[in-house]
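A.B. asks: Let me give you the structure first, and then I'll get to my questions.
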Amino acid sequence: MLMTLAVPSAIVCAYSLLSRGAYGGVERPWTLENFRLLADPMYLRIFFRSLWMAAAAAVLCIGLAFPLALFIARSGRRKNLYLSLVILPFWTSFLIRIYAWMFLLRDTGLINTVLRAAGLIRQPLPLLYNDGAVLLGLVYGFLPFAVLPLYATLERLDPTLLEAAADLGAKPLEALFRVTVPLCAPGIRAAAILIFVPCLGTYLASDLLGGSKTILIGNVIQNQFTAARDWPFGAALSVVLMMIALALMWAARRQGEELV
Amino acid sequence: MPALLELKQISKRFAAHCAVADVSLSIERGQFFSLLGPSGCGKTTTLRIVAGFETPTSGEVWLNGTRIDPLPPYQRNVNTVFQSYALFPHLTVRENIEFGLRRKRVSGCAARVAKVLEQVRLTGKENRKPNELSGGERQRVALARALVLEPEVLLLDEPLSALDPQLRKQVRAELKDLQRRSGITFLLVTHDQEEALSLSDRMAVMNAGVVEQLGTPREIYQRPKTRFLASFLGAMNWIGGVGVRPECTRIARQPNGNGSRRGRVTRSVFLGSSMHVEARLESGDMVLAQVAASSDAYREGETVHVWWNSSDELRFPD
């Protein structure tokens, strides 16, 4: 645990306080300069944009996963089959699956080709290289992370509570929003963290599906460690990202304790 | 007067298993009615059919002149007290009780909640969550949550089974009291014969999906129609194919005329208010006699004579 978690984090923190080497890497002296650079409005905008993207992905994932998890939790003996279908995409690398989406979405891709052949459109729809495509990639990639914790809480939900709700006059939708959803709060919180945190630092989906227009903080960090060769600044960005993630997890935990 | 709740030839089949077979019941307004039977006899399924959680395979349910079996639970004017109470863990006592009133958009919510809280002696605990209450308090919240809606029939599914035995007797008395004062018709499901006998105005004893007998507790206890009922309700001695209740069985050291039978005491148990004497007759039958605590103590192995009045004999065609 210590080796795999604490040591790399400590190295990143240390790098963020050092100076930039001429050909990558880090050199002394120690400095806070890297963090001062972060105040640049451009980086703040990218941070804000990344936060927004991650939040949108989490909300969409949970919104889509909830009915799916509910369906799986109520499908009796087929539960295990459906759960393995949810996990199935993990057998292929995320990178390959993102490429597959590119083949579907690009101007000469499957969707545009079919729509054009059907005579529904003349010009190809701009499906790729925009925020929507990035969000689609994120939602697609992280959906299982919402389905699994939601399924786990729904599975444990006492069905008698829903009978009680109906008995007291609640129509199925009222029972869903007054009983099922509130009692799923722990699962919703877990799903939100599981999706929000990795989405905040994502660079693959934005790099491949977003083209040059959609830059997220993950792309900036990747760039600092590769093309820009500014490791200390990349490390400083990573530290800020970690802090945001930790703060959010702490807040979610506190809220969870209050509810209990 | 027409019945308030009527079950007409209700059957419920689960795959190959028939849980309820051709059950017909009618319950009048203001009655305390019990469904008594061993586990798996179909009594809970029958209750769930009235509540609307199960659809009968055949038959009809009528409530106050309306056929309700095609209606979903939320459109039926009956409410249930669940065996596990099924209180909403994320809501306070008040919110649990208000749940039904809000769904039905009843006005004067606060006054009704206050009144029912007083009825079940929970005033002052409105803002607690279910996990901060004792078992007895939870049971009363479950009761209040259903009663506040003033249902035509209150359905109670083994409401006392989760309570410890001491509390059970007290709550049983309170339940009867609550029913009398509210005037609401109660339909109770239980496997506890003492509960059914002491609470019910009328009751039905079920076995293997059918109603074996319907009547007042006294009728069923004193004149059971089947061998099953005779054994299930109270204790019963079976001597030469004839049933005799232990409390009707007499025992003495001297023979009582020609009718008495000889046996040896196998066990004698003092129970405080009464005494149980168990003896093996010469015929080989075991017999239990319940006698006054003040009567003589019998030693094991002692020879005794046992008899009873022929009017206390219960006979069943085989």
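The values are calculated or read from the model by the stated rules, or taken from the named source; none is laboratory data. Quick caveat: nothing in here was measured; it's all calculated off a predicted structure. As a convention, Cβ positions derive from the backbone with ideal geometry for all residues, glycine included, and neighbour counts pool all protein chains shown. Calculation scope for accessible area: heavy atoms of the full protein, side chains included, ligands and nucleic acids excluded. Shrake-Rupley method; radii C 1.70, N 1.55, O 1.52, S 1.80 Å.
A.B. asks: Do we have A:Arg254 as among the charged types (D, E, K, R), within 14 Å of chain B (Cβ to nearest Cβ) and open to solvent by 10 Å² or more (accessible area, probe 1.4 Å) here?
C.D. replies: no
A.B. asks: Report, by residue number, each residue of segment B:104-114 that is exposed (fewer than 13 other Cβ atoms within 10 Å of the Cβ) and either within 29 Å of the chain's Cα centre (by Cα) or within 14 Å of chain A (Cβ to nearest Cβ) (or both).
C.D. replies: Hit for segment B:104-114 is B:Arg105, nothing else.
A.B. asks: If I ask for residues that are surrounded by 22 or more Cβ atoms within 10 Å (Cβ to Cβ) and away from chain A (no Cβ under 14 Å), which ones from segment B:33-55 would you list?
C.D. replies: Of everything in segment B:33-55, those that are surrounded by 22 or more Cβ atoms within 10 Å (Cβ to Cβ) and away from chain A (no Cβ under 14 Å) turn out to be B:Phe33, B:Ser34, B:Leu35, B:Leu36, B:Gly37, B:Cys41, B:Gly42, B:Lys43, B:Thr46.
A.B. asks: Another question, then. Across segment B:270-304, which residue is nearest to B:Glu247 (Cα to Cα) among those that are crowded, with 18+ Cβ neighbours inside 10 Å and at pLDDT below 90?
C.D. replies: Filtering segment B:270-304 for residues that are crowded, with 18+ Cβ neighbours inside 10 Å and at pLDDT below 90, the one nearest to B:Glu247 (Cα to Cα) comes out as B:Val291.
A.B. asks: Looking only at segment B:252-263, count every residue that is in contact with an Asp or Glu (Cβ under 7 Å, 6 or more places away or on another chain) and surrounded by fewer than 14 Cβ atoms within 10 Å (Cβ to Cβ) and tell me the total.
C.D. replies: Residues that pass the stated criteria total 1.
A.B. asks: Let me ask another. So which residues in segment B:57-69 are open to solvent by 40 Å² or more (accessible area, probe 1.4 Å) and either facing chain A (nearest Cβ under 8 Å) or among the acidic types (Asp, Glu) (or both)?
C.D. replies: Within segment B:57-69, B:Glu60 is the sole residue that qualifies.
A.B. asks: Can you pull out every residue in segment A:205-224 that is touching a helix residue (DSSP H, G or I) at 6+ places or on another chain (Cβ under 7 Å), touching a residue at least 24 places away in the same chain (Cβ under 8 Å) and open to solvent by 10 Å² or more (accessible area, probe 1.4 Å)?
C.D. replies: Of everything in segment A:205-224, those that are touching a helix residue (DSSP H, G or I) at 6+ places or on another chain (Cβ under 7 Å), touching a residue at least 24 places away in the same chain (Cβ under 8 Å) and open to solvent by 10 Å² or more (accessible area, probe 1.4 Å) turn out to be A:Leu208, A:Ile215, A:Val220.
A.B. asks: I'm checking my understanding of the structure. Among residues of segment A:1-32 that are touching a residue at least 24 places away in the same chain (Cβ under 8 Å) and in contact with a Lys or Arg (Cβ under 9 Å, 6 or more places away or on another chain), which one is nearest to A:Met242 (Cα to Cα)?
C.D. replies: Among them, the one singled out is A:Leu18.
A.B. asks: So, one more: Filter segment B:246-281 down to residues that are in contact with a strand residue (DSSP E or B) (Cβ under 6 Å, 6 or more places away or on another chain) and of a type in the set (S, T, N, Q), then give me how many there are.
C.D. replies: Total meeting the criteria: 6.
A.B. asks: Another question, if that's okay. Could you pull out the residue among B:Val205, B:Val242 that is open to solvent by less than 20 Å² (accessible area, probe 1.4 Å) and at pLDDT below 90?
C.D. replies: Answer to the check: B:Val242.
A.B. asks: Going through segment B:70-84 one residue at a time, which ones are open to solvent by less than 20 Å² (accessible area, probe 1.4 Å) and more than 17 Å from A:Lys171 (Cα to Cα)?
C.D. replies: B:Val81, B:Phe82
A.B. asks: Looking at segment A:127-224, what helices (runs of 4 or more DSSP H) fall wholly within it and have at least 1 residues that are of a type in the set (Phe, Trp, Tyr)?
C.D. replies: Qualifying helices (runs of 4 or more DSSP H): A:131-156, A:185-200.
A.B. asks: A further question on this structure: Could you check B:Phe316 against (1) at pLDDT below 90; (2) open to solvent by less than 50 Å² (accessible area, probe 1.4 Å); (3) under 30 Å from B:Cys41 (Cβ atoms); (4) out of contact with any helix residue (DSSP H, G or I) (no Cβ under 6 Å at 6 or more places or on another chain) and say which number it fails?
C.D. replies: (4)
A.B. asks: Looking at segment A:196-212, can you tell me whether even one residue there is on the phi > 0 side of the Ramachandran plot and away from chain B (no Cβ under 14 Å)?
C.D. replies: Yes, the conditions are met somewhere in segment A:196-212.
A.B. asks: Is it true that some residue in segment A:107-124 is under 19 Å from the mean Cα position of the chain (by Cα), closer than 25 Å to A:Leu208 by Cα and of a type outside the set (A, V, I, L, M, F, W, C)?
C.D. replies: No, segment A:107-124 has no match at all.
A.B. asks: Could you pull out the residue among A:Ala175, A:Ala170, A:Ala152, A:Ala166 that is open to solvent by less than 60 Å² (accessible area, probe 1.4 Å), touching a residue at least 12 places away in the same chain (Cβ under 8 Å) and within 14 Å of another protein chain (Cβ to nearest Cβ)?
C.D. replies: After applying the criteria, what remains is A:Ala175.
A.B. asks: Can you pull out every residue in segment A:1-37 that is under 14 Å from A:Asp230 (Cα atoms), modelled with pLDDT of 80 or more, open to solvent by 50 Å² or more (accessible area, probe 1.4 Å) and in a loop (DSSP other than H, G, I, E, B)?
C.D. replies: Matches in segment A:1-37: A:Leu17 only.
A.B. asks: Return a yes/no flag: does segment A:38-55 have any residue that is open to solvent by less than 60 Å² (accessible area, probe 1.4 Å), closer than 16 Å to A:Pro144 by Cβ and within 16 Å of the chain's Cα centre (by Cα).
C.D. replies: No, the conditions are met nowhere in segment A:38-55.
A.B. asks: Scan segment B:4-24 and tell me whether some residue there is without any contact (Cβ under 8 Å) to a residue 40 or more places away in the chain and of a type in the set (A, V, I, L, M).
C.D. replies: Within segment B:4-24, one or more residues are without any contact (Cβ under 8 Å) to a residue 40 or more places away in the chain and of a type in the set (A, V, I, L, M).
A.B. asks: Next question. Quick check on my filter: what residues within segment B:140-195 are at positive phi and either within 14 Å of chain A (Cβ to nearest Cβ) or open to solvent by 50 Å² or more (accessible area, probe 1.4 Å) (or both)?
C.D. replies: B:Glu150, B:Glu158
A.B. asks: Same structure again: Would you point out the residue of segment A:178-195, among those that are under 15 Å from the mean Cα position of the chain (by Cα) and either within 14 Å of another protein chain (Cβ to nearest Cβ) or touching a residue at least 60 places away in the same chain (Cβ under 8 Å) (or both), that is farthest from A:Leu38 (Cα to Cα)?
C.D. replies: Checking each candidate, the answer is A:Ile188.
A.B. asks: Within segment B:86-94, can one find any residue that is more than 14 Å from every other protein chain (Cβ to nearest Cβ), open to solvent by less than 20 Å² (accessible area, probe 1.4 Å) and over 26 Å from the mean Cα position of the chain (by Cα)?
C.D. replies: yes
A.B. asks: Further, regarding this structure: Does any residue of segment B:250-268 turn out to be of a type in the set (Ser, Thr, Tyr) and within 16 Å of B:Asp312 (Cβ to Cβ)?
C.D. replies: Scanning segment B:250-268, I find at least one residue that is of a type in the set (Ser, Thr, Tyr) and within 16 Å of B:Asp312 (Cβ to Cβ), so the answer is yes.
A.B. asks: Let me ask another. Consider segment B:127-163. How many of its residues are touching a Gly at 6+ places or on another chain (Cβ under 9 Å) and small (Gly, Ala, Ser)?
C.D. replies: Total meeting the criteria: 2.
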